[in-house]
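Read the structure below first, then the notes.
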Amino acid sequence: MNKISNHQLYRLIVAHFAEIIREPSVIFWGVVFPILMAWGLGIAFTQKGGVQAKLAVVREISGVNGNQETKLISWLKAHALKKDSTYSITLKNEKLGDATLSFHETSATNALTLLKKGKVSVIIEDQFKGSIYQFDPANTEAKAAYHLAADLEVHGPLFYTENQTQIEPLTLSGTRYVDFLIPGLLAMGIMMACCWGISYTIIDRRSKKLLRRMVATPMKKTNLLFALIAARFTMNLAEAILLFLFAWIYFGVKVQGSWSALIVLFIAANIAFSGISILVSSRTANTEVGNGMINAIVTPMMVVSGVFFSYHNFPDWAIPEIKFLPLTMITDTFRSIFNEGAGLIDIWREALILTTTGVVSFVIGLKIFKWY
């Protein structure tokens, strides 16, 4: 036992372990925080009701009078729960889990807007002779919603005397999953680059006593922070241009809105996350604590802010809070510019909120900043 306790490797392991557990914050970010994340996401994605399929029902089409009701709408009124203009019905399945279908009755124009925003995944043109399903065939969520709705139509109480359903793939720019994804990736890229490129750089330099040496020079303190922000902004711009060029050439992704609005939002997004990054890195000199703090910022937003899938899949009580997250605001506004033709007038409020968030965070971070 004495030989083991005096062994150099053993002593080094014990010393390093003692350094880790000496910091309570390390335990929190390394152990408690992942558990809290698992708990939160577990609740979000294991709610009773299982699969959530959201569809838009369009009746304002040729051959259907606005005062008449198709069999689909008539059946939904008789069997589904109605809230405002949305009909909901739950399909029970003990083995596979329940599936809830939400049919939002709206106009053709608004249905397309809801699809671009990710609030619905399928559009149903409701006609007397049958249904016409419109969705992106590359979107697995949309295909699942289609199969659930079509199965309900065929095997449930029949909507029509003859089943004449049709599928019309949506491949127009702005309606595809890739059009939904690219703006989210642009927003996430800004967040990740700022939080890791600015926050971690400052924390790492502080832990290595480099900030202390810099302060001893005639350098103006704020110039260091502005230099980090400027360098990161330049890199973010280059990365965003390359990503857009790839999406434009390979997938045909286009900006349907104002380029000036896109530039203003890009600058506001960088200001927001640069300020947040300065605030996050203003005090700690421990890189492990810094890792935890940065992950606490980026991981929840990366998961819930609708980068890869619509955040409307989350429970209704969580959506108002998710909308106010910086990444959610940036992602939604990017999508409105890319896919809905938004201009400066449409995005000025979001740009102002993001800029204010960044400036306020920077001022607070600079005030409490620990140089060594």
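The values are calculated or read from the model by the stated rules, or taken from the named source; none is laboratory data. All figures in this text were calculated on a predicted structure; none of them were measured in a lab. Neighbour counts run over all protein chains shown; Cβ positions are idealised from the backbone, glycine included.
Only one of the numbered conditions (1) modelled with pLDDT of 60 or more; (2) in the same structural domain as Leu114 (by TED's automatic domain parsing); (3) of a type in the set (A, V, I, L, M); (4) surrounded by fewer than 19 Cβ atoms within 10 Å (Cβ to Cβ) is not met by Leu158, and that is (1). Could you tell me which of the residues Ile347, Ile319 is modelled with pLDDT under 90, of a type in the set (A, V, I, L, M, F, W, C) and touching a Gly at 6+ places or on another chain (Cβ under 9 Å)? Just one listed residue meets the conditions, Ile347. Residues in the range 282-322 that are among the small types (Gly, Ala, Ser) and farther than 19 Å from Phe334 by Cβ were compared, and the one that is surrounded by the fewest Cβ atoms within 10 Å (Cβ to Cβ) is Ala318.
For Thr331, the stated conditions hold: it is within 23 Å of Asp136 (Cα to Cα), crowded, with 16+ Cβ neighbours inside 10 Å and either without any contact (Cβ under 8 Å) to a residue 24 or more places away in the chain or assigned by TED's automatic domain parsing to the domain that holds Leu181 (or both).
Among the numbered conditions (1) among the hydrophobic types (A, V, I, L, M, F, W, C); (2) without any contact (Cβ under 8 Å) to a residue 12 or more places away in the chain; (3) buried (at least 22 other Cβ atoms within 10 Å of the Cβ), the only one that Ala268 does not meet is (2). Screening Asn286 on (1) touching a Gly at 6+ places or on another chain (Cβ under 8 Å); (2) within 26 Å of Tyr372 (Cβ to Cβ); (3) not hydrophobic (A, V, I, L, M, F, W, C) shows it passes everything except condition (1).
Can you tell me which residue in the range 196-205 is nearest to the chain's Cα centre (by Cα), limited to those that are in contact (Cβ under 8 Å) with a residue 12 or more places away in the chain and surrounded by fewer than 23 Cβ atoms within 10 Å (Cβ to Cβ)? The extreme case among them is Trp196.
Filtered by the rule that a residue be basic (Lys, Arg) and over 15 Å from Pro183 (Cβ atoms), the range 308-352 gives Lys323, Arg349.
Residues that are farther than 27 Å from Lys83 by Cα, in the same structural domain as Ile203 (by TED's automatic domain parsing) and among the polar types (S, T, N, Q) are absent from the range 303-318 altogether.
Among the residues of the range 180-195, just one is buried (at least 24 other Cβ atoms within 10 Å of the Cβ) and among the β-branched types (Val, Ile, Thr), namely Ile190. Would you mind stating whether Thr355 is closer than 30 Å to Asp136 by Cα, in the same structural domain as Phe226 (by TED's automatic domain parsing) and in contact (Cβ under 8 Å) with a residue 40 or more places away in the chain? No: the conditions fail for Thr355.
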